Amino acid sequence: MRQELELMGSSIHLLVALAMISAPSFGLSAEDNSNGKPDAPAAANTLDDQVSTLLKQHKFGEAVEVAGKDLENRLRTLGSNQIDTTSRLAMMGLLAQRIGAYTHARTACMKAAAVHETVLGCKHPSTAHSFLRLASVECARGSFASAQVGTKLGIEMFQTVYGSDSLRCASNLVAEAEIDCQLRSYAAAAPLFKRSIEILEKVRGPEHSETVTARYKLAAAHVKMKDFATAEPLCKRVSKVAEKILGSDHVYAGLCLHSLSKCYAARGDCTAAEATCKRALKIVERAEGTNSFLAAIVLTNLGEICAGQENYTEAESHFRRALGIIEETVGPENERAATAFTGLARINLGRYNCGAAESLQRRALAIQEKVLGNTHPDLVEDLQLLGRICSAGGNYAAAKPLYERALGICLTTFVANHPLTALSLQVTASFHSDMANFALAAQFLEQACGILEKTCGPDHPVTASSLSDLAACRALGWRFSCGGLNVGDGGFV
């Protein structure tokens with residue numbers, strides 16, 4: 001049973017509601033509500049307030065319990081095919097998604113989309129919203145093909161009703177870009193974010209919160225592309241505007257600094273990264289509380305920054321504190337908990353404690369597999385790290401299938417010639433080089449070079465580095481075949 005049942009404790013309201021969704025339809029249309037069916041319970045507004053309060057406190061499990069009770073009452077009194085009920089179904093879908101209950105989230109969102117399409121028609125904005133919510137769930141589940149279909153349908157509906165320069169279309173462009181980000185197609189996501197920003201600046205203004213949010217996401221995409229020259233000024237601009245319109249102590253200002261610290265860390269300015277991240281943590285703790293979920297996210301980043309400076313004692317303290325908060329707020333089997341376990345695994349690897357590192361990383365991988373499934377692209381880095389840990393401990397037989405599985409996920413998930421596939425090929429090549437299997441390593445590097453030449457260009461530094469690795473690998477292979485290879489001439493990446 002998935003982690004959502006643990007979060008809900010003894011409550012069965014959500015399960016009852018979802019069972020009612022799956023039951024035969026009541027056969028009601030939007031107009032049938034006036035003939036025989038009573039209004040929804042008057043307590044609905046009170047329940048809304050309770051859910052809102054619990055979400056602000058990051059008590060997601062309790063929020064689902066309360067919302068599930070409301071949905072159960074509405075299903076009993078109104079039936080499952082009422083427009084009023086579908087809004088609750090959609091909310092339940094989003095809440096279930098928030099705690100990682102993707103199967104339940106998909107059930108609720110699919111029912112809401114079906115009712116909207118049947119009652120309101122395929123061109124109604126509410127129907128478009130339903131498709132976009134469903135796409136968001138599919139994306140979280142790792143079903144990216146379904147997510148892209150749902151998003152494109154939603155965008156087409158909104159463009160038909162509102163036009164291509166409307167606010168609706170801007171928000172949909174952001175949604176489509178976010179799916180591209182989940183697919184690690186950041187180069188495809190960036191122009192979508194930019195187009196949404198153009199619309200938002202024209203309609204809302206450059207300092208509106210929606211515009212700032214879209215620019216923040218564009219900056220994050222450039223961080224993921226390791227294009228820090230573009231990302232850093234975007235992060236600084238977003239941070240400055242957020243402080244201006246929201247205040248320097250607003251949680252969003254803290255999160256902007258959190259992202260900026262990642263830019264500093266990526267370009268090697270660890271001092272600035274640590275100082276900026278600590279400033280972000282103080283803001284988030286003041287705004288949300290010292291034991292809030294958002295504070296745990298910033299703590300995890302701070303732990304990574306400290307670990308990058310080999311300050312393992314402080315890094316471990318941050319990771320363990322973050323892990324305690326995460327387990328308390330959203331449960332032990334959450335993606336953020338997996339991130340903290342991975343951070344602790346890296347620390348133990350840095351201390352050459354391979355046994356503890358392997359145990360921690362296997363726990364992180366088990367959480368990710370349970371939450372995301374066995375083929376989600378987020379597993380790639382976890383598998384590669386576990387392979388690296390096994391190799392460091394001399395267990396090459398255990399490491400090999402981990403690297404192969406990571407590469408297999410890239411090959412089946414990403415489009416042809418994706419940069420992350422090239423990276424996975426390089427990592428796999430490095431492993432085979434360490435095993436003195438230079439011929440096979442060279443084959444993987446040749447494929448990586450071919451991808452990088454097409455995606456980054458033949459003169460890009462990343463391409464040049466990969467070509468240099470390939471030349472070194474071939475040279476080592478030649479020396480090995482001639483019997484002239486010395487001990488220690490192994491890895492090159």
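Every number here is computed from the coordinates shown, using simple stated rules; none is lab data. These figures come from a predicted structure and were not determined experimentally. Quick reminder, even Gly has a Cβ in these numbers, built from the backbone with ideal geometry, and neighbours come from all protein chains shown.
Brief remarks follow.
- Global geometry of segment 328-384, whether rounded, prolate or oblate, following the gyration tensor of its Cα atoms and the 1.5 cut on a/c: oblate
- With neighbour counts taken as other beta-carbon atoms within 10 Å, the residues Leu153, Leu260 rank, fewest first, as Leu153, Leu260.
- Shape analysis of segment 311-408 places it in the oblate category; the axes a ≥ b ≥ c from the Cα gyration tensor give an a/c of at least 1.5, with a/b not above b/c.
- Sequentially through segment 456-472, phi angles give Karplus couplings (6.51, -1.76, 1.60; θ = phi - 60°) of 9, x, x, 9, 6, x, 5, 5, 4, 5, 5, 5, 5, 4, 4, 4, 5 Hz, Gly and Pro residues having no value and appearing as x.
- Cα-based shape type of segment 254-360, given that a ≥ b ≥ c are square roots of the gyration tensor eigenvalues and the cut on a/c is 1.5: oblate
- All other residues whose Cβ lies under 14 angstrom from that of Ile305 are scored, Lys and Arg at +1 and Asp and Glu at -1, for a net of -1.
- Using θ = phi - 60° and Karplus 6.51 cos²θ - 1.76 cosθ + 1.60, couplings along segment 312-323 (whole Hz; Gly, Pro as x): 5, 5, 5, 4, 4, 4, 5, 5, 5, 5, 4, 4
- Ranked by how many other Cβ atoms sit within 10 Å of their own Cβ, fewest first, the residues Glu117, Glu404 fall in the order Glu404, Glu117.
- Fewest-first ordering of Arg362, Arg74 by other beta carbons within 10 Å of each residue's beta carbon gives Arg362, Arg74.
- Distance between the C-alpha centres of segment 196-237 and segment 397-448: 34 Å, rounded to the whole angstrom.
- FRET efficiency for Leu411 and Glu198, using Cβ-Cβ distance with R0 set to 35 Å, rounded to 0.05: 0.50
- Residue by residue, segment 341-355 carries 3J(HN,Hα) couplings of 4, 4, x, 5, 5, 5, 4, 5, 5, x, 8, 6, 9, 5, x Hz when phi is fed to the Karplus relation 6.51 cos²θ - 1.76 cosθ + 1.60 (θ = phi - 60°); x denotes Gly or Pro.
- Using a cut-off of 20 Å between Cα atoms, the listed pairs Lys217/Lys282; Lys69/Lys370; Lys262/Lys282 include Lys217/Lys282; Lys69/Lys370 as exceeding that distance.
- Eligible lysines near Lys152 by straight Cα distance, threshold 17 Å, same-chain separation 8 or greater: Lys123
- Under 14 Å, Cβ to Cβ, from Ala280 - net charge with Lys/Arg +1 and Asp/Glu -1: 0
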